[in-house]
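Asker: Quick one: this structure, given as structure tokens, is what I'll be asking you about.
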Amino acid sequence: SGLLIVFTALDAFLFYIGWEAALIPIYFICAIWGGKDRIKVNMKFFVYTIAGSLFMLLGIIYLYLQNPADNFDIQAFYNLSLDSTQQSWVFWAFFIAFAIKMPIFPFHTWQPSTYTEAPAVGTMLLSGIMLKMGIYGVIRWLLPIAPAGLQEWGHTAIILSVIGIVYASVIAFTQKDAKRLVAYSSIAHVGLISAGIFALNTQGLQGAMIQMLSHGINVVGLFFVLDIISSRLKTNRIAELGGIAKQAPLLAITSLIIVLGTVALPGTNGFIGEFLLLMGVYQYNIWLAVFAGLTIIFGAVYMFRMYQSIMLGKTNDLTIGFTDIVGSEKIVLYIICALIVALGVYPKPLLQLSEASVQHLIEQVTQKLTSVN
């Protein structure tokens, strides 16, 4: 219900209530069914999120006090005549909350350990849906309310996003645990989405909207595969695995399709979103686009290396008895793979669906910037 409120609320206070309410179930899921370090990790996640939410609450209260209509209506907030200094303050109040939830560098430190310690359902909720709350918040609330703040501080946000891309990609190379590797991969991909949004052009915003969906599909698929492996072998350590493809060919094939979508191979769902995002960042700054493009190159290397280590190679004493996917596991993975291929081969509906919204948002932001300047 909290997530439903966040994605449908047209009232800022209701949005805040949904934002906080969405934290409650994931907190208890991780606290009850998480790993051995779940209490410490869960507390870190809780403190990070609450701290960010307090900044957003202060921003909402400030906007309410500036609103002559004395309400929290989103349209009234859009129409407020705030000067550039006021918008800069509001920008940071909302940006910190959204940056923690996405997360982007340097607000990301809660994520890898939380993803590792959370049970499968918790990890999939966090990565597939909850981090999209931050991306949605930036597009729906931050950009239209504080475009002058974006104009002043957007470059800083893009630089932080690109630093996060490079940092997370490099750290992913060193990971021994597959869940932590995917967690850092997620930070890199979200960094690219963030950079595309703050570039504030048609390609960047459209790519961000499409990639929100594609990333959700792909990362849920990756964590679902890792949960299947963990439930059978009680480990996600890459060095302890190997040769699973010989024992479970269906799992190996579906996993490969998910990995291909994750590394944005043409013909998969990840390609069109990342291509548009890179185009958007390129229009903003060519050198930032070069560094942002590292997420694709590095991502392909560490993802294929992980796949090779887990699925290929020699079967060992641990994986010799591995059984292939059955029943509901097949259904879930087949649906995910079908979406990856379908959205990659025929992305036109997504492009058409997002185009009008993006154009309206850019016009809205441009008009407000004109009135401020």
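Asker: Looking at Gln283 and the list (1) under 26 Å from Leu126 (Cβ atoms); (2) in a helix (DSSP H, G or I), which single condition is not satisfied?
Answerer: Among (1) under 26 Å from Leu126 (Cβ atoms); (2) in a helix (DSSP H, G or I), Gln283 violates only (1).
Asker: Give me the pairs: first residue in segment 96-112 and at pLDDT 80 or above, second residue in a loop (DSSP other than H, G, I, E, B), beta-carbon distance under 6 Å, and six or more apart or on different chains, which are they?
Answerer: Partner pairs satisfying both residue conditions: Ala99/Phe107; Ile100/Phe107.
Asker: Can you name every residue in segment 296-355 that is surrounded by fewer than 14 Cβ atoms within 10 Å (Cβ to Cβ) and basic (Lys, Arg)?
Answerer: Listed by number, the residues that qualify are Lys314, Lys348.
Asker: I would also like to ask the following. Please go through segment 279-292 and pick out each residue that is touching a residue at least 40 places away in the same chain (Cβ under 8 Å), surrounded by fewer than 24 Cβ atoms within 10 Å (Cβ to Cβ) and either under 20 Å from Leu339 (Cα atoms) or not aromatic (Phe, Trp, Tyr) (or both).
Answerer: So the first thing to find is which residues in segment 279-292 are touching a residue at least 40 places away in the same chain (Cβ under 8 Å), and the list is 279-281, 283-285, 288, 291-292.
The next check asks that each one be surrounded by fewer than 24 Cβ atoms within 10 Å (Cβ to Cβ); those that pass are 279, 283-285, 288, 291.
Hits for segment 279-292 are Met279, Gln283, Asn285, Leu288.
Asker: If you don't mind, another one. Tally time: how many residues in segment 293-330 are in a helix (DSSP H, G or I), among the aliphatic types (A, V, I, L, M) and touching a residue at least 40 places away in the same chain (Cβ under 8 Å)?
Answerer: 6
Asker: How about segment 21-41: which of its residues are surrounded by fewer than 16 Cβ atoms within 10 Å (Cβ to Cβ) and charged (D, E, K, R)?
Answerer: Selection gives Lys36, Asp37, Lys40.
Asker: Restricting attention to helices (runs of 4 or more DSSP H) lying wholly within segment 177-251, give those where 2 or more residues are within 19 Å of the chain's Cα centre (by Cα) and surrounded by fewer than 20 Cβ atoms within 10 Å (Cβ to Cβ).
Answerer: In segment 177-251, the matching helices (runs of 4 or more DSSP H) lie at 202-233.
Asker: Can we say Thr366 is surrounded by fewer than 18 Cβ atoms within 10 Å (Cβ to Cβ) and part of a helix (DSSP H, G or I)?
Answerer: Yes: the conditions hold for Thr366.
Asker: While we're on this one: Please specify each residue of segment 258-271 satisfying the condition of being over 20 Å from the mean Cα position of the chain (by Cα) and on the phi < 0 side of the Ramachandran plot.
Answerer: Answer for segment 258-271, where residues must be over 20 Å from the mean Cα position of the chain (by Cα) and on the phi < 0 side of the Ramachandran plot: just Pro266.
Asker: Looking only at segment 55-78, count how many residues are of a type in the set (Val, Ile, Thr) and touching a residue at least 24 places away in the same chain (Cβ under 8 Å).
Answerer: 2
Asker: With the requirement that a residue be more than 14 Å from Ala146 (Cβ to Cβ) and part of a loop (DSSP other than H, G, I, E, B), what does segment 68-81 give you?
Answerer: The answer is Pro68, Ala69, Asp70, Asn71, Phe72.
Asker: Do we find that Leu80 is more than 20 Å from Met130 (Cα to Cα), surrounded by 21 or more Cβ atoms within 10 Å (Cβ to Cβ) and out of contact with any strand residue (DSSP E or B) (no Cβ under 9 Å at 6 or more places or on another chain) in this structure?
Answerer: no
Asker: Let me ask something else about it. Output the qualifying pairs, or none if there are none: Cβ atoms under 7 angstrom, residues six or more apart or on different chains, first residue in segment 15-28 and closer than 16 Å to Lys132 by Cβ, second residue among the polar types (S, T, N, Q) and part of a helix (DSSP H, G or I).
Answerer: From residues that are closer than 16 Å to Lys132 by Cβ, the pairs are Trp19/Ser53; Leu23/Thr49.
Asker: Here's another thing I want to ask about it. Six or more apart or on different chains, Cβ atoms under 6 Å: show the pairs whose first residue is in segment 214-233 and modelled with pLDDT under 90 and whose second is among the polar types (S, T, N, Q) and outside any helix (DSSP H, G or I).
Answerer: Close Cβ pairs (under 6 Å, with a partner that is among the polar types (S, T, N, Q) and outside any helix (DSSP H, G or I)) amount to Ser230/Asn236.
Asker: What are the residues in segment 133-169 that are of a type in the set (Gly, Ala, Ser) and farther than 18 Å from Gln364 by Cα, if any?
Answerer: Gly134, Ala157, Ser161, Gly164, Ala168, Ser169
Asker: Does segment 346-355 contain any residue that is among the polar types (S, T, N, Q), more than 24 Å from Ala168 (Cα to Cα) and free of Cβ contacts under 8 Å to residues at least 12 places away in the same chain?
Answerer: Checked against the condition, which is being among the polar types (S, T, N, Q), more than 24 Å from Ala168 (Cα to Cα) and free of Cβ contacts under 8 Å to residues at least 12 places away in the same chain, segment 346-355 yields at least one hit.
The values are calculated or read from the model by the stated rules, or taken from the named source; none is laboratory data. This is a predicted model, so every value here is computed, not measured. When we count neighbours, we look across all protein chains shown, and the Cβ atoms used for this are built from the backbone with ideal geometry, even at glycine.
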